[in-house]
Every structure is written in structure tokens, then in C-alpha cells.
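The structure appears below as C-alpha cells.
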Amino acid sequence: MTVLSLPPALIGTLRYQARIAMRRRTLWYVVVPTALLALVIGWRSPAEITDGVRHVAGATLVTGILCTLGIGVALADRKSWEQSAGMGDLIATTPCGVHTRMPATWAASLGVALMPPFLVVMVCAVPAAVAEGGVRPLVAAPAAFVTMVVPGAAALTALACLLGLLLPVTVARVCTAGFWLWSTIASPPLLPFATPTGTLLSPVGGYPAAAWFGERTVWAHRDLTGVLSPDVGTGSALVNLVVLAVFTTLFLLLAGLVAVRRG
Amino acid sequence: MEIEIGGLTKVFKSDVRALDGIDLLVPGGMVGLLGANGAGKSTLMRILAGALRPTAGRVVVGGHDLTTAGGRRAVQRATGYLPQELAPHPELSGREFLDYVALLKGIGDRWTRRSQVEDLLARVGLADDGDRRISEYSGGMRRRIGIAQSLLGDPRLLLVDEPASGLDPEERMRFRSLLTDLGRERTVVSSTHILDDVAWSCPQVAVLAAGRLVFHGAVGDLTAVARGRTYEVPADMPLGAEATVVSTSPEKYRVVTTEAPPRGRLVPPTLEDGYIMLMRSAR
């Protein structure tokens, strides 16, 4: 399917929601500082890097944790904003259905918001490439970004989109941040309650990092047991990605249902 | 495009009965929708636009039943809608916003879209400001860009909710003329508080009160409700409790009343007199 054969409403939503996201200062106020922080933490000089691809995976992991938090918090207002001030009514009266608009709006703003973290990962891959004297880290960087950052960011922003419709924006932002910290930072042995850390439900990218990029300092690779914490491998990494895709779809469907019910 | 409404009822979750058994037939042309705040005008407009589902009743627009998904889509393709309050995306320019709405309306051809956007920017007097961000627009300019988007796709049914709010007098006159022109070739439903606009541009008028239709007919017939009941009374005369003051000046009151006031001079009624008389009797 070419761009020209896509429905006009889909093209319009993708094009203009991306522009809107790009021009919203609040997004950059949150995402740029977290991206810079990730760069500071993830940056190593070529002399400090022994395994280029593993370094890229480590930098991607840090970038994903920090930037996805910022992106989720910043984008929690996207749909609720559209619902207010007559825009929801106006858009609802066009033939473009909510099940086109909702994912397109989400995808456009997420795509824009992921640009700074992508740049950070690519920048972190440069000294790794210098250290290795080859392009392997530069090739691994986009692959790591797509498999480790994008799925978690997609799931979190889809959840933020749903929360933004159900709760006041500030509460939605707080809940989004809380959910992300619970599902990524909180370590199971240290907390009295269950977390998805180290399981196939984890959005942090631990399984792909360990399975495909040789990263060892992730919970997915530690001694967790149980059905949800299988051994690291291509199969478990793929299952992790599928689980996140299912959650993303579910959150978007629920957000669509909420939007339709409000109409 | 004919609009046929039968037994239309809308009850919100808060148990507010916004519309209560509306029956209305609009054969086409331009119709003014009047009523006090909270009378149900915007709810009716939103239902006609397909933005809101009715609780009960039937709405058929141009032969399409709005209570079915297929009917709603067919009507939406032929409808332009201006909500009562519209805050277009401030991050976009006026030109971009119109292009976006045109795409949402399914206008896929780039040249058709471009030509419509340029034409509408010129019609609402924003041709020179089309590239400015909407965040830099004044309230009147935002209203005008809202009006422009409602005309994209040359809709056969135009629903405008308080179109003149935020417009300065000159812009209001220009928009009134534009609506009148549009009403010659299509159905236009204009919900407004400004009776002068209705008197000037709408041959038909429908009046809602507390969710019920209390009048539908020609503007002249609404005016006639106050015929023989509109008086000018010297300002120093006491008014009976039954009289409703329509306007005042230092020398006299203009009142509508069923009882002739002392020293009252019977005068020909205006639309405003007729509307106030009707609303009195609807209470």
C-alpha cells in the first residue's frame, strides 16, 4: 500500500498530529532533559568500551527508562485535549472514525516524541563504533531502539492515552509515571509487592537486550523463576514483544471505546 | 436537504432531559434555532451533526436515518458543523488547520483541497493570515477559521451553533450575508441568541424552551405572537406585574402584555417582542 492509497483521514491525522506534537513545548520540556540525562549516563569514551553492541544495549536501556517516562507523562494529555473545546465534537462529525483517529494520533505523537531518545542511542553508538573500528554498533543501535525502547514506549503512551481520557490530566500524568516506575525501576526482591520487572510483562526491554544484544545487567537475566520469567532467548524476547504489543492494542481499544462512549 | 425529527429525546447521565419529544420538519433553506441558555439548542445541533446519539426518537436527514451508523456516516459526509465553542489546534496555522479538517472530511485530492482552503480563507477574510499560528489569532479570527472549516467540502447541510459569538459587528454582517447566500442553495440551521440575525436571514424559525419545541414557523408568524400586545408606555407610568419590559429608554418602556397598560400606545411588534411573548407563555 502506498501513501497515496491511504485514507485521507489517516494521512491528515498522522501529518498534522505529528506537527502538533512537534510544536508543543511541553513535550520538549520533558523529553529533551530526560534525553540529555540519558546521554550523560549512557555516554562512554571509546577507551572505556570493550563490547560495542553491549554498550549500545546498555545505553538504550537507560535511554528507554528515562525518556519513556518523560514521553508517557508528556503525552498523557493528547486525547483529553482533543476532547475539549469543541474539537472532539468537530472531529466526531467528520466521517473519520475514532478507530482511525485514535491510533493515528497516538502513533504520530509517539513517533515525534521518540526522536530525541533515538538520537541519544545513535550518538552513544558512535564511540562504540570507534572502539570496535566497525559499523556493528551503529547497525545495532536502531535495532536495539526498535526492540527495547519502542515497545515499552508504545505500551506506556497507549496507557497514558487511556488514563488521559478517564482522569484529570495531572492525575493521569502522575498515574502514568507511577506505573512506569513500578514496572521498570522497582526491583522484586526489594519490594513487598509484585512488579513486572524481570518477567515477560516487563516493558523495559530486558529480554531483547539480553537475548539479542548481550546485555547481562538486566533483571531478565537474573535468577528469577516462574512461568513469567523464563530463560533468556529469542523465543522469550519475542514473547515479551508480543505481550507489549497486546497491551498496547488493548489500551488503545479501551481508549477508543471510552472516546466513543463519550460521544 | 430535508430534516425530519420525530419524538427526539435526549437524557444525559445526570438525568437532565435536554430534549423532550421534539417533532420538527425542516424542508430545506435557512432556519433559525432560538431558545434561552439550556433550552437544548446545542444538544439538538450536536445530534443533527452526528456528534451525539439521541436517547429516543428518530432523526432523518436527506433520507438517511441518523440513529444508524450507516445513516450517520452518510449525513456526516454532507454536513458542515460549527460547534458553539471551538478552540482549533493552536499549534497549527489557519491554512494547516483547514487542510487537516479537509482531510478528515475525506477530501483526498490535494488540488481540490488547496483550492477550497484558499477560497475559504479569502471568504472569511483570513487570506493574509493563513500562515500565522492559530495561537496568534484573535477571538474573532478563531471564530472565522471555525466558520471556514464548516464550509469545507461544500456541505449540503450546514449547522452553525452561535456563529456570530466573538465576531465584531462588521464581521457579523459579513457572515450574515454569507449564511444568507449559502441558505439559498442548501439547508442551514443556525442556532443563535441574536434575534436580529434571525430576522435578517432566516425565513423559518424554531424555538426551544426547556427541551421542548414551542414554535416552528415563519419569522413573521413569531413576530405576530405579540401583535396587539406590544405597547410603548411613558417611563413615569407604573407597570402592571403582568407586563414584560422588552426595552427601555429615558422617556419610555417597550412592553409586551396581555392587558393594555394605562397611557400605553399600541405599536407594531418586532421579532424580539414576539419571541419574548412566546417565552412568557411557554413558562
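Every read-out reported here was derived from the displayed coordinates using simple, explicitly stated rules and does not represent laboratory data. Here the structure is a predicted model, which means the values were calculated and not measured. Don't worry about glycine lacking a Cβ; one is built from the backbone with ideal geometry, like all the others, and counts go over all protein chains shown.
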| task | Could you work out how far apart the two model spin labels at B:H193 and A:A194 are, taking each label as a point 7 Å from the Cα in the direction of the beta carbon, and quote it in nm? | result | 5.6 nm
| query | If you average the sequence gap of Cα pairs under 8 Å that are 6 or more apart and divide by the length of segment B:80-201, what percent do you get for the contact order? | reply | 32 percent
| How would you rank A:C161, A:C175, A:C96, going from fewest to most other Cβ atoms within 10 Å of each one's own Cβ? | A:C175, A:C96, A:C161
| B:R174-A:I11 FRET efficiency (beta carbon distance; Förster radius 41 Å; 0.05 resolution) | 0.80
| query | Quick one: if the Förster radius is 51 Å, what FRET efficiency do B:E85 and A:T50 give, using the C-beta to C-beta distance and rounding to 0.05? | reply | 0.25
| task | Determine, for B:S191, A:S187, the number of other Cβ atoms within 10 Å of each Cβ, and report the residues in order from fewest to most. | result | A:S187, B:S191
| request: Extending each Cα 7 Å along its Cβ direction at A:L36 and B:A127, get the distance between those two points in nm, one decimal. | output: 4.6 nm
| request: Provide the FRET efficiency to the nearest 0.05 for the B:S247-B:E185 pair, computing r from the beta carbons and using R0 = 25 Å. | output: 0.10
| remark: Here, segment A:3-261 modelled as identical Cα point scatterers in vacuum has Debye log10 I(q)/I(0) at q = 0.07, 0.08, 0.13 Å⁻¹ of -0.25, -0.33, -0.83
| Along the charge dipole of the protein assembly as shown, Cβ charges K/R +1 and D/E -1, which of A:S229, A:A177, B:T43 sits furthest on the positive end? | A:S229
| query | Just how many pairs of Lys in the protein assembly as shown have C-alpha atoms closer than 28 Å, counting pairs that are eight or more places apart or on different chains? | reply | 8
| 5 angstrom amide H check on B:L34, placed H, neighbours 5+ away | B:A206, B:V207, B:L208
| Hey, got the dipole for chain A? About the Cα centre, +1 on K and R Cβ, -1 on D and E Cβ, debye to the nearest 20? | 700 debye
| Given the C-alpha centroids of segment B:13-58 and segment A:117-195, what is the distance between them in whole angstrom? | 47 Å
| note | In the neighbourhood of B:T79 defined by beta carbon distances under 14 Å, the net charge of the other residues (Lys, Arg +1; Asp, Glu -1) is +3
| said: Can you sort B:Y81, B:Y231 from fewest to most other Cβ atoms within 10 Å of each residue's own Cβ? | reply: B:Y231, B:Y81
| query | Which whole-Hz couplings ³J(HN,Hα) result when phi for each residue of segment B:264-270 is put into the Karplus expression 6.51 cos²θ - 1.76 cosθ + 1.60, θ = phi - 60°, listed in order with x for Gly and Pro? | reply | x, 10, 5, 10, x, x, 10
| task | Run the quick spin-label model on A:L166 and B:R280: label points 7 Å from Cα toward the beta carbon, then report their separation in nm to one decimal. | result | 5.4 nm
| message | Could you work out the relative contact order of chain B? I mean the mean sequence separation of Cα pairs under 8 Å and 6+ apart, divided by the number of residues, in percent. | response | 20 percent
| Given Cα pairs under 8 Å that are at least 6 residues apart, what percent is the relative contact order of segment A:3-261? | 24 percent
